[in-house]
Amino acid sequence: MKISQMQKLLEARVLCCEENANRHVYSACGCDLMSDVLAFVKDQAVLLTGLVNPQVIRTAEMMDMICIVFVRSKVPSEEMIELARESGIVLMVSDKRLYEACGLLYQNGLVGNKVKG
Amino acid sequence: MNEVLNFHFNVDGNDFTSAGQASIQIKKNLRRLGLDPETIRRVSIAMYEGEINMVIHAHGGEADVNVYEDRIEIILKDKGPGIENIEQAMQEGFSTAHDQIRSLGFGAGMGLPNMKRYTDDMKIESEVGVGTTVTMQVNL
């Protein structure tokens, strides 16, 4: 799934690195506990979270993720946006809840580590 | 490469939001050395969790990353309160972090187990009231 398609499905607003929105992602992770993301995520390019602090960006960077979706209309600070911009990570904000946002992506083909267009 | 390549960082313990800067820098440095992405990820995640620990528990400390021909060594040294019971600290879910840290997505008792998970060897030397040194090795 393209990041731009995720944006449409989640009715999300892109905050930075829109130039990378044509990249494909094949799996995602929905989580508010960053240590869990660091422990169990592998080759998942997207993080959906309701947590807003700079460690979210650093965690994504550590995991080589290329997109973060902030759910429940949580808006990251300028500092966070700048950190993401430095790493080329697409940031977006959706007013969906975490469960619904993950469900929408899953239903539309973003299902784990299998390769899907 | 016979010479050891050393990267040294002072980890500022005053600000949780800036924790992780050394690990981000190490990730960049290792990328420049052309190491494989999986190794880079393992080293930087282990160091990141360690760095977060130093900020949460020990008011910062010092981090050294030594790149040898066959392995990468990460040494994290602090002068914090020390770990009373290392065996207990290694259990997933055990944590002494306060609620504010938990609300930031850490402090769930995953840090040390994650560091062990991502490295080939991990040693913890700690003395209560003196400090803690964690030494990790990732084989190349």
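None of the figures in this text is laboratory data; all of them are computed from the coordinates on show. These numbers come from a predicted model, not from an experiment. Virtual Cβ from ideal backbone geometry, glycine too; neighbours counted across all protein chains shown.
Where does the Debye-calculated log10 I(q)/I(0) of chain B sit at q = 0.10, 0.16, 0.19 Å⁻¹, using only Cα point scatterers of equal weight, no solvent?
-0.30, -0.78, -1.10
Using a Gaussian network model of chain A whose springs link C-alpha atoms within less than 10 Å, name the residue from A:Leu98, A:Leu48, A:Leu38 with the highest mean-square fluctuation.
Fluctuation is largest for A:Leu38.
What does the average come to when, for each residue of peptide B:30-41, you count the partner chain Cβ atoms lying within 10 Å of its Cβ?
1
Hey, which aspartates and glutamates would be in cross-link range of B:Lys28, C-alpha to C-alpha under 14 Å, not counting anything within fewer than 8 residues on its own chain?
In chain and number order, the partners are A:Glu61, A:Asp64, A:Glu86, B:Asp36, B:Glu38.
Can you list the aspartates and glutamates whose alpha carbon is less than 14 Å from that of B:Lys77, not counting same-chain residues fewer than 8 positions off?
Counting by Cα, and skipping residues close in sequence, B:Lys77 has these aspartates and glutamates nearby: B:Asp12, B:Glu49, B:Glu51, B:Glu62, B:Asp64, B:Glu125, B:Glu127.
B:Lys27: which lysines have alpha carbons under 18 Å from its alpha carbon, excluding same-chain residues fewer than 8 sequence positions away?
A:Lys42
Ignoring everything except DSSP H segments at least 4 long, calculate the 222 nm mean residue ellipticity for chain A; use -39,500 (n - 2.57) per segment, divide by total residues, nearest 500.
Taking each H run of at least 4 residues, the total per residue is -10000 deg cm²/dmol.
Equivalent ellipsoid semi-axes for region A:26-65, as square roots of 5 times the alpha carbon gyration tensor eigenvalues: give them largest first, rounded to whole Å.
On the way: eigenvalues 39, 21, 18 Å².
The equivalent ellipsoid of region A:26-65 has semi-axes of 14, 10, 9 Å.
For peptide A:31-38, compute the average count of partner chain beta-carbon atoms within 10 Å of each residue's beta-carbon.
6
Taking every residue in B:115-123, how many Cβ atoms of other protein chains lie within 10 Å of its Cβ, on average?
If you average over the peptide's residues, the count of other-chain Cβ atoms is 1.
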